[in-house]
Amino acid sequence: MALASSSRKVVDCVVSQARRSIARSGCRCRVVSSTHVPPSQYTAAVMAAFSSSARHEGPAVSSPPQSLLKPMDVPKKLLMGPGPSNCPPRVLAAGALPMIGHLHPEFLKIMDEVKEGIQYAFQTKNEWTFAISGTGHAAMEASVANILEPGDVALVCQNGIWGQRLADMVDRNGSTAAVIQCPMGEVFSLEQIEKGLQEHKPAMVFITYGESSGGTAQPLEGLGELCHKYNALLLVDSVAILGGYPLYMDAWDIDILYAGSQKVLCSPPGTSPISFSQRARDKIASRKTRVRSFYFDAKELANYWGCDEHPRRYHHTAQVSTVFALREGLARLAEETLEKSWKDHRECAELLYEGLEKLGLEPWVKNKDIRNPCVTAIRIPEGVDWKSVVDYAMQNYKIEIAGGLGDLGGKVWRIGILGYNCTPENVKLTLKVFGEGLANARK
């Protein structure tokens, strides 16, 4: 009875509001009182009066998109382009683990394990070693934002698209990019770089270790020492080569090194390992201006990743599931060992070169000693439509082969041998499909 009485009062209130609204509108309608409403309809009247549709005022709400009312359709493909690479089942499973908080002790422990894994992959003991929440471009931008102040000069060694991107970021940072160039498919000598150091007196030198657009592997021995001779820091992009070719951050005197998660580490895109030497940290500590980006502030990130002596502070919500996957990709590399990974990539690259020769094709990089074994650029023969070969591989085999990038667009194909995909079976299958695609294009 108490509930019925309460319901009746609510209905009376609603009826009273309705009468006032009708009176204001000038309409001639009859609104019954609650005494005319059968008790069995009290609840229904209350629910209708206070439903979301009844309370809604303002523009009409659009309909839900029909595309989101269906399951996603993601076909299985063999990704033999320059990245991303296919993820092993264990990495995908790690990304599907239960969500936990980004400051929970269990997640902080996993962050510590990721940090150790990056130190192993980079061959460094740098304390400031962590993963940025973002792709390789994020690490590239973070390097510029932390090291360079407005007016600082960066010597940018440009033999592909990544030197172009870095120069653009330097300019956007209010710093000056002094660009030295060599053709795509070639690498820089120490003499060329020393000339640039003498002429431009930069605070930092940038170079790409594994150029995925040109297919080169830049020799790095002696470069860090040369940069330090002229009081410049050395920044190295290793996104398309880390784990597939020897790399020694500490032994080679590299000051800032970054990579990506989606290549040889065969994890989903979205995290980018990075490390700062003590020289780089000293440069950051001596800045006269604040780092322009809060999100990419290395000092704040280092604290969040437990790289200093202070209690960890909240900086941002880390990509928890993506960090799980990165941890598993690094664990896979540790179990395999760097030496085994380097050997496998070298042998699969050799197998690819031999197969290309049999098909009458040649790598864009003629000098074998400077080829990036992880990404091979292949010269397109005259009269062959490059896209028809790419389309044939995808449509008939669901295999990705990429075209050229930047100045080599339309001039090369690119094949990636990266991490989980680095097997003789995958190379042989790709060569078979390539041969079929070429024959089809020449019909």
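The values are calculated or read from the model by the stated rules, or taken from the named source; none is laboratory data. Just so it is clear, the structure is predicted and the values come from calculations on it, not from any experiment. Please note: Cβ atoms are built from the backbone with ideal geometry, for glycine as well, and neighbour counts cover all protein chains shown. The accessibility values were calculated without ligands, DNA or RNA, using every heavy atom of the protein model including side chains. Shrake-Rupley method; radii C 1.70, N 1.55, O 1.52, S 1.80 Å.
With a simple spin-label model that places each label point 7 Å from the Cα along the Cα-to-Cβ direction, the separation between N396 and R90 comes to 3.6 nm. As a rough guide to protection, the peptides 65-77, 297-309, 360-372, 123-135 ranked by mean Cβ packing within 10 Å, highest first, stand as 123-135, 297-309, 360-372, 65-77.
Taking 0.36 nm per residue of separation and subtracting the Cα-Cα distance, full extension of the segment from K201 to E382 would add 60.8 nm.
Once the Cα atoms are used to define both axes, helix 136-147 deviates from the longest principal axis of the chain by about 80 degrees. The relative contact order of the chain, computed from alpha carbon pairs under 8 Å that lie at least 6 residues apart in sequence, is 21 percent. Label-to-label distance, K229 versus E191, with points set 7 angstrom from Cα along the beta-carbon direction: 1.4 nm.
Of all accessible surface on the chain at a 1.4 Å probe, what whole percent is carbon and sulfur?
Working: 11770 of 21690 Å².
Result for the chain: 54 percent of the exposed heavy-atom area is carbon or sulfur.
Surface exposure of the range 58-126, expressed per residue as accessible area with a 1.4 Å probe, stands at 66 Å².
Label sites at L103 and M72, each approximated as a point 7 angstrom past Cα along Cα to Cβ, lie 3.0 nm apart. For the range 299-400, the number of Lys pairs with C-alpha atoms closer than 30 Å, counting only pairs eight or more positions apart or on separate chains, is 17. Remark: C-alpha extents of the chain on the principal axes read 97, 64, 44 Å, sorted largest to smallest. Helix 424-441 and the longest principal axis of the Cα set of the chain meet at an angle near 90°.
Can you tell me the FRET efficiency between D171 and K340 if r is taken as the Cβ-Cβ distance and R0 is 35 Å, rounded to the nearest 0.05? The value I calculate is 0.25. Each part reduced to its alpha carbon centroid, the range 358-379 and the range 109-186 end up 26 Å apart.
Pick out, from T129, W162, P64, the residue whose Cα sits farthest towards the positive end of the charge dipole of the chain, with +1 on the Cβ of Lys and Arg and -1 on the Cβ of Asp and Glu. So the residue we want is P64. Debye-formula intensities of the range 154-214, expressed as log10 I(q)/I(0) at q = 0.13, 0.14, 0.28, 0.29 Å⁻¹, are -0.30, -0.34, -1.22, -1.27 (one equal scatterer per alpha-carbon, no solvent). The 3J(HN,Hα) values that the Karplus relation (6.51, -1.76, 1.60; θ = phi - 60°) gives for the range 213-222 are, in residue order, 7, x, x, 9, 10, 6, x, 10, 4, x Hz. Gly and Pro appear as x.
Assuming R0 = 56 Å, can you tell me the calculated FRET efficiency for the pair E347 and R290, based on Cβ-Cβ distance, to the nearest 0.05? That pair, E347 with R290, gives E of 0.70. Counting only Cβ charges, +1 for Lys and Arg and -1 for Asp and Glu, the dipole size of the chain around its Cα centre is about 2640 debye.
Phi angles across the range 344-352 convert, under the Karplus curve 6.51 cos²θ - 1.76 cosθ + 1.60 with θ = phi - 60°, into 3J(HN,Hα) values of 4, 5, 5, 5, 5, 5, 4, 4, 5 Hz, Gly and Pro given as x.
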